[in-house]
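Chemist: After the structure tokens below, expect a handful of questions from me.
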Amino acid sequence: MTSIALGIPGIRRAPDVRPDTTGRPETDALIDRFGRVARDLRVSITEKCSLRCTYCMPEQGLPAIARRDLLTADEIARLVGIGARDLGMTDVRFTGGEPLMRADLAEILAKSSAVALGASISLTTNGIGLDKRIDELMAAGLTRINVSLDTVDRDHFARLTRRDRLPAVFAGIEAAKRAGLTPLKINAVLMRDTLAGAADLLAWSLENGVRLRFIEQMPLDADEAWARDNMVDAAELLDVLGSRFTLTTPHRDDPSSPAEEWLVDGGPATVGIIASVTRAFCAACDRTRLTAEGTVRSCLFGDDETDLRGLLRGGADDAEIADRWRAAMWGKQAGHGMASADFVRPTRSMGAIGG
């Protein structure tokens, strides 16, 4: 991440209000008032999902987004192209909901890859159905993949996701391994109900040659049941894993990486811990997000959103869209603010924002 020393930050703004760009330096990059430069683009392409994880979605699923309100494959690719060519994006990750729910996912990847100027094209998925689509996705330009998997216990999985589909997830992971997608990362959200099985999940990851990363649960669940005094934090996880494994030498290979990596039993295998709540890494954040409806969201926890879909469909040229995107990121807040007494959780849940 590139960092440039700047002045005092602005405040949180109402949705779809263009931030004041007074004081912004002359640069094409997506810089904010804290000198952070965004180079990692997260693109949500749907609110739909094949699971109903309790920390993400309500049991009935999220309200459907009308088809006309979703960005098309061409619109997504145009924004990816602007991000890569005009704004310096070097990593593009497609998320949801569950991106495999988009029938045109391969088209989205192919068109985006064609204009991404060498930026990595990756996917965050629950893996269900991946085994049936892996060949077309790789042919379309997919280079990396993260699979969400919180437990390898089938009963726990069914309770947590409200769906008994663990075998389908395993099938997707095996397909990705056979296809040579490396490093294959597994993302596991820390939950009180699955903490006892955390060491089993790590053992399974070591046996299967995948890289496991645990993530502290954030207040982004649609049911709004998150409570800080009941969350599993990094320190508690380390105690549990430490009863079975020796974890040493915590480090970050990339300063902008959210995961602190620990050597397992002396290495070379590692386990990552993303302590989003208790060891916030907001000061090194290099992400910008597009929602499935085409709004820029500068922070997971900032409800300010800037509409780019209207510009796309209103005849704006690439330069105008890039300028609006820069303005949105200039107003990025300092951090999620969860430690503050006046913290207010975001209006959207994780499934509606995109990971």
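The values are calculated or read from the model by the stated rules, or taken from the named source; none is laboratory data. The shown structure was predicted, so the numbers you read here are calculated from the model rather than taken from an experiment. Virtual Cβ from ideal backbone geometry, glycine too; neighbours counted across all protein chains shown. Accessible surface is based on the protein model in full, side chains and every heavy atom, while ligands, DNA and RNA are left aside. Shrake-Rupley method; radii C 1.70, N 1.55, O 1.52, S 1.80 Å.
Chemist: Would you be able to say whether some residue in segment 276-283 is at pLDDT below 95, over 19 Å from the mean Cα position of the chain (by Cα) and either surrounded by fewer than 17 Cβ atoms within 10 Å (Cβ to Cβ) or not in a loop (DSSP other than H, G, I, E, B) (or both)?
Modeler: No.
Chemist: Of the numbered conditions (1) at pLDDT 95 or above; (2) more than 20 Å from the chain's Cα centre (by Cα), W325 satisfies every one except a single condition; which is it?
Modeler: Result: W325 fails condition (2) only.
Chemist: Something else now. For segment 335-350, does any single residue satisfy the condition of being part of a helix (DSSP H, G or I) and either at pLDDT below 95 or over 26 Å from I82 (Cα atoms) (or both)?
Modeler: Yes; the residues of segment 335-350 include at least one that is part of a helix (DSSP H, G or I) and either at pLDDT below 95 or over 26 Å from I82 (Cα atoms) (or both).
Chemist: Which of (1) surrounded by 20 or more Cβ atoms within 10 Å (Cβ to Cβ); (2) farther than 20 Å from R52 by Cβ is the odd one out, the single condition T194 does not satisfy?
Modeler: (2)
Chemist: I need a count of the residues in segment 37-67 that are under 27 Å from L87 (Cα atoms) and either at pLDDT below 90 or among the basic types (K, R) (or both).
Modeler: Looking only at that region, the number is 2.
Chemist: Which ones in segment 144-167 are without any contact (Cβ under 8 Å) to a residue 24 or more places away in the chain and either open to solvent by 50 Å² or more (accessible area, probe 1.4 Å) or within 18 Å of the chain's Cα centre (by Cα) (or both)?
Modeler: Passing the criteria: R154, D155, D164, P167.
Chemist: Residues to consider are G172, G180; find the one that is in contact with a strand residue (DSSP E or B) (Cβ under 8 Å, 6 or more places away or on another chain), farther than 24 Å from P258 by Cα and either in a helix (DSSP H, G or I) or not polar (S, T, N, Q) (or both).
Modeler: G172
Chemist: Cβ-Cβ distance below 8 Å, separation of 6 or more or different chains: which pairs start in segment 175-196 with a residue that is under 22 Å from T278 (Cα atoms) and free of Cβ contacts under 8 Å to residues at least 40 places away in the same chain and end on one that is among the hydroxyl-bearing types (S, T, Y) and open to solvent by 40 Å² or more (accessible area, probe 1.4 Å)?
Modeler: Between residues of segment 175-196 that are under 22 Å from T278 (Cα atoms) and free of Cβ contacts under 8 Å to residues at least 40 places away in the same chain and residues that are among the hydroxyl-bearing types (S, T, Y) and open to solvent by 40 Å² or more (accessible area, probe 1.4 Å), there is no close pair.
Chemist: Count, please, the residues in segment 291-329 that happen to be more than 19 Å from P258 (Cα to Cα) and assigned to a strand (DSSP E or B).
Modeler: Within segment 291-329, residues that are more than 19 Å from P258 (Cα to Cα) and assigned to a strand (DSSP E or B) number 5.
Chemist: Something else now. Check whether at least one residue in segment 141-160 is basic (K, R) and within 19 Å of D91 (Cβ to Cβ), and report yes or no.
Modeler: yes
Chemist: Here is a further query. In segment 100-132, what count of residues is obtained for those that are among the polar types (S, T, N, Q) and part of a helix (DSSP H, G or I)?
Modeler: 2
Chemist: Considering segment 284-315 alone, what residues qualify as being open to solvent by 10 Å² or more (accessible area, probe 1.4 Å) and among the aliphatic types (A, V, I, L, M)?
Modeler: Listed by number, the residues that qualify are A284, L300, L311, L312.
Chemist: While we're on this one: Provide a single number: the residues in segment 101-111 that are in contact (Cβ under 8 Å) with a residue 40 or more places away in the chain and open to solvent by less than 20 Å² (accessible area, probe 1.4 Å).
Modeler: Total meeting the criteria: 2.
Chemist: Tell me, yes or no, whether segment 204-213 has at least one residue that is open to solvent by less than 70 Å² (accessible area, probe 1.4 Å), without any contact (Cβ under 8 Å) to a residue 60 or more places away in the chain and not in a loop (DSSP other than H, G, I, E, B).
Modeler: Yes: segment 204-213 contains one or more residues that are open to solvent by less than 70 Å² (accessible area, probe 1.4 Å), without any contact (Cβ under 8 Å) to a residue 60 or more places away in the chain and not in a loop (DSSP other than H, G, I, E, B).
Chemist: Among the numbered criteria (1) closer than 19 Å to L41 by Cα; (2) modelled with pLDDT of 85 or more; (3) hydrophobic (A, V, I, L, M, F, W, C), which single criterion is violated by A316?
Modeler: (1)
Chemist: If you don't mind, there's one more thing I want to ask. Test R52 against the criterion of being open to solvent by 20 Å² or more (accessible area, probe 1.4 Å), assigned to a loop (DSSP other than H, G, I, E, B), in contact (Cβ under 8 Å) with a residue 24 or more places away in the chain and within 28 Å of D323 (Cβ to Cβ), and give yes or no.
Modeler: no
Chemist: Against the condition crowded, with 23+ Cβ neighbours inside 10 Å and farther than 22 Å from R39 by Cβ, how does G83 come out, does it pass?
Modeler: When the stated conditions are applied, G83 does not pass them.
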